[in-house]
Amino acid sequence: MINLVLFGPPGAGKGTQAIYLAQTFNLVHLSTGDLLRQEIAAKTDLGRIADEIISKGELVPDSIVISMIEAKLKSPKTTVGFIFDGFPRTVNQAHALDQLLRKHHSKVSVMLCLEVDKKELIDRLLKRGLTSGRCDDANEATIENRINVYNEKTAPLIHYYESQGKYHPIHGIGEIEEIAARLKETVENL
Ligand code: C5P
Ligand code: MG
């Protein structure tokens, strides 16, 4: 199995690039952000909890997102592997992912980290906010908070994966196809 963790700050292009990678390598794309937004759209209890947290730019509790991933890994669909987009976001989530994959006799193959500077991230997210309808893209204060939360709680995962020799930084600025080619090459050279 090949399991890719697609990593990077909000606005780095994880969702966009995950779609390309999923097609190229025939992987199942798992986006916890998309799963949470589906719950919000379906107005479930979980959706109501998530909506409040997401609109502030904060993180949904580990237990919730871990259960969502666990359910997806359990579903009987056979695949050559997964792309984890926006998960793990905390060291706890990374440990849980390792455990879940171990149960399936598998492991994280590589962590691909899209690198984009803060000014570009803010520009991209404000632009996306004009059309995405996402409450967390709508104002600069929420975007700032998401970037701060990333730096504080999510960026430490770089060390987690680096210490296992799995961390691969990828330059995340340029044409979408260019960045897709950089990611593809990195995965092919694993
Ligand atoms: O991954 P994405 O940027 O789509 O996630 C949108 C929002 O969903 C995040 O800003 C965060 O509030 C929430 N989220 C989370 N935990 C995750 C994934 C997403 O709290 N593992
Ligand atoms: Mg996303």
statement: Exception for Thr78 within (1) surrounded by fewer than 14 Cβ atoms within 10 Å (Cβ to Cβ); (2) part of a helix (DSSP H, G or I) falls at (2)
task: Hey, can you tell me all the residues within region 10-29 that are touching a residue at least 24 places away in the same chain (Cβ under 8 Å) and more than 11 Å from ligand 2 (Cβ to nearest atom)?
output: Tyr20, Leu21, Ala22, Thr24, Phe25, Asn26, Leu27, Val28
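Listed here are the residues, each with its yes/no results for (1) touching a Ser or Thr at 6+ places or on another chain (Cβ under 8 Å); (2) within 21 Å of Leu35 (Cα to Cα); (3) at pLDDT 95 or above; (4) charged (D, E, K, R).
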site	(1), (2), (3), (4)
Pro76	no, yes, no, no
Ile83	no, yes, yes, no
Thr90	yes, yes, yes, no
Gln93	no, yes, yes, no
Leu100	no, yes, yes, no
Asp123	no, no, yes, yes
Ile143	no, yes, yes, no
Arg146	no, yes, yes, yes
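Among the residues of region 91-99, are any within 16 Å of Val187 (Cβ to Cβ), in contact (Cβ under 8 Å) with a residue 12 or more places away in the chain and more than 8 Å from ligand 1 (Cβ to nearest atom)? I'd like the intermediate steps shown before the answer.
Of all residues in region 91-99, those within 16 Å of Val187 (Cβ to Cβ) come to none.
There is no residue in region 91-99 that is within 16 Å of Val187 (Cβ to Cβ), in contact (Cβ under 8 Å) with a residue 12 or more places away in the chain and more than 8 Å from ligand 1 (Cβ to nearest atom).
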query: Quick one: which of Gly86, Gly129 is within 15 Å of His29 (Cα to Cα), within 14 Å of ligand 2 (Cβ to nearest atom) and in contact with a helix residue (DSSP H, G or I) (Cβ under 8 Å, 6 or more places away or on another chain)?
result: Gly86
- prompt: Which one is farthest from the chain's Cα centre (by Cα) among residues in region 30-46 that are within 16 Å of ligand 2 (Cβ to nearest atom) and not in a helix (DSSP H, G or I)?
  reply: Leu30
message: List the residue pairs whose Cβ atoms are under 6 Å apart, where the first residue sits in region 32-54 and is surrounded by 15 or more Cβ atoms within 10 Å (Cβ to Cβ), the second is at pLDDT 95 or above and of a type in the set (Phe, Trp, Tyr), and the two are 6 or more positions apart or on different chains.
response: Thr32/Phe87
task: Could you check, for region 61-75, whether at least one of its residues is away from ligand 1 (no atom under 14 Å from the Cβ) and surrounded by 15 or more Cβ atoms within 10 Å (Cβ to Cβ)?
output: yes
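Per-residue answers, yes or no, for (1) of a type in the set (Gly, Ala, Ser); (2) under 25 Å from His95 (Cβ atoms):
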position	(1), (2)
Arg124	no, no
Leu130	no, no
Gly133	yes, no
Thr142	no, no
Ala155	yes, yes
Ile158	no, yes
Lys166	no, yes
Ile173	no, no
Glu177	no, no
- request: Might you check whether a residue that is within 23 Å of Phe84 (Cα to Cα), of a type in the set (Phe, Trp, Tyr) and more than 16 Å from ligand 2 (Cβ to nearest atom) occurs anywhere in region 138-161?
  value: yes
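If you scan region 155-190, which residues turn out to be assigned to a helix (DSSP H, G or I), surrounded by fewer than 15 Cβ atoms within 10 Å (Cβ to Cβ) and free of Cβ contacts under 8 Å to residues at least 24 places away in the same chain?
Let us first name the residues in region 155-190 that are assigned to a helix (DSSP H, G or I), namely 157-162, 176-188.
Those still in the list that are surrounded by fewer than 15 Cβ atoms within 10 Å (Cβ to Cβ) too: 158-159, 162, 176-178, 181, 185, 188.
Correct list: His159, Glu162, Glu177, Glu178, Ala181, Glu185, Glu188.
The values are calculated or read from the model by the stated rules, or taken from the named source; none is laboratory data. Computed from a predicted model, the values in this text were never measured in an experiment. Counting neighbours? That spans all protein chains shown, and the Cβs are built from the backbone with ideal geometry, glycine included.
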